[in-house]
Amino acid sequence: MNNIKVITLCGPIKFMKEFRQTEEMLTRMGFAVISPFFFEQGEGVGITKEEAWLLGRIHYKKIAISDGIFVIDVDGYIGESTKKEIEYAKLNNKTIRYYSDKSTL
């Protein structure tokens, strides 16, 4: 059990379908996969600034406890938040793999 690597998924929530597919694929490959928290934003449903800040801190903690991250960068798209997550992962010597680069698997 100690040789199971932990991977945190990073990327924009607009790629929800790709997140789910990647989570399944990596789990089947033997990784323990941590996903960001997703919620459905309906009419009148949102999050406060405080909640957004807390969710961001939680996501960085997920990266911190992981062996690496897997960036969901469909068509090479990487937004500003994801760029910051990649930098954080680099600063903490995490392995970084990309959805757009199938050779990283």
What do you get for the angle between helix 49-64 and the principal long axis of the chain? Use alpha-carbon atoms, 0 to 90 degrees, nearest ten.
10
The pairs in Lys49/Lys94; Lys17/Lys61; Lys5/Lys94; Lys62/Lys90; Lys5/Lys84; Lys17/Lys94 lying past 20 Å Cα-Cα in this model are Lys49/Lys94; Lys17/Lys61; Lys5/Lys84; Lys17/Lys94
Would you pull out the residues with amide H under 5 Å of Ile34's amide H, same chain only if 5 or more places away, H placed 1.01 Å from N?
Ile7, Thr8, Leu9
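We did not get these values from a lab; they are worked out from the coordinates using the rules stated. Keep in mind the model is a prediction, meaning the values are calculated, not measured.
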